[in-house]
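The block underneath contains the structure these notes are about, expressed in structure tokens.
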Ligand SMILES: [Zn+2]
Ligand SMILES: [Zn+2]
């Protein structure tokens, strides 16, 4: 499996992806908003785009579909329940469905509600797994829930699906928000030395050559995975004095998500 992370350079800071089979040169474009850049990358690499996948229905993820289909004839895949919100889905996906790209690449669809209620993440069947996570999980952050999502479901997705992935799973999110997210982590947990050193190291990074994190690293620097951390809970109590002595992790998650909305 070859992964090309395509930096759009737009104001939403979207990442698009090409996932290619090294044996056949067939490729899948994930959320190819910047269809021109995606097509140029594919052409340079000698790849044929045969599939398009939308992680969810928001326009900054689906906006390139029409032009990409016109240019390639590729088939469109998305969550089965997105059929009324994404035009022209050829294959609706459910949890556990396997998507084959070319001869040797297999990706499994995860049903990951929370950012929206018809959001899929893709997990590669490779020695080192890779997760294409749209707007569910960001580097050091989590998707918002105010355009069709629910924080309770996002919490369930984090604890029941994402937290259980192997530590070496590579993270390929739908946006470059790492700097702001690390600043939020440090606001919530000022003594997180790993988040501080990571922030220092990415401050002058080129998003076109961005750091690819892992689930293991996310558990160190992403406040939405650190729901039992005493510093996180202590700081949260300053904002929410009614927080119980030992708050359940769902409450911590939902309140962190709430604070992030206005941070
Ligand atoms: Zn979105
Ligand atoms: Zn987005």
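Values quoted throughout were computed directly from the atomic coordinates according to the rules given, and no laboratory measurement underlies them. Here the structure is a predicted model, which means the values were calculated and not measured. Ideal geometry is used to build each Cβ from the backbone, glycine not excepted, and the neighbour counts take in all protein chains shown.
Worth pointing out:
- Segment 81-215: translational diffusion in µm²/s, Stokes-Einstein, Kirkwood Rh over Cα pairs, 4 °C, 1.567 mPa s: 80 µm²/s
- Ranked list, fewest to most other Cβ atoms within 10 Å of each Cβ, for 53, 259, 33, 137: 259, 33, 53, 137
- Only Cα sites of the chain enter the Debye sum here, all with the same form factor; the resulting log10 I(q)/I(0) across q = 0.11, 0.13 1/Å is -0.58, -0.80, listed in q order.
- The P(r) of segment 1-132 has a tail past 22 Å containing 29 percent of all C-alpha pairs.
- Compared with the dominant Cα axis of the chain, that is its longest principal axis, helix 193-202 is turned about 40°.
- Rounded to 10°, Cα long-axis angle of helix 230-239 versus longest principal axis of the chain: 80 degrees
- Spherically averaged projected area in nm², based on the convex hull that wraps the Cα atoms of segment 194-238: 3.9 nm²
- CD proxy at 222 nm, helix term only [per DSSP H run n ≥ 4: -39500 (n - 2.57); per residue of the chain; nearest 500]: -8500 deg cm²/dmol
- Fraction of alpha-carbon pairs over 20 Å apart in segment 62-159 - percent: 42 percent
- Rounded to 5, percent antiparallel among DSSP beta bridges of segment 20-118: 30 percent
- Computed lengthening from residue 159 to residue 71, 0.36 nm per intervening residue step minus Cα-Cα distance: 27.7 nm
- Estimated Rh, segment 172-221: Kirkwood, alpha-carbon pairs, angstrom: 11.3 Å
- Cα-based helix-to-principal-axis angle, 35-45 vs the chain, degrees rounded to 10: 70 degrees
- Full-stretch length increase - residue 197, residue 209 - with 0.36 nm per residue and alpha-carbon distance subtracted: 2.5 nm
- Beta bridge orientation in the chain: antiparallel %, DSSP, nearest 5: 60 percent
- With each label modelled as a point 7 angstrom along the Cα→C-beta vector, the residue 231-residue 106 pair spans 4.2 nm.
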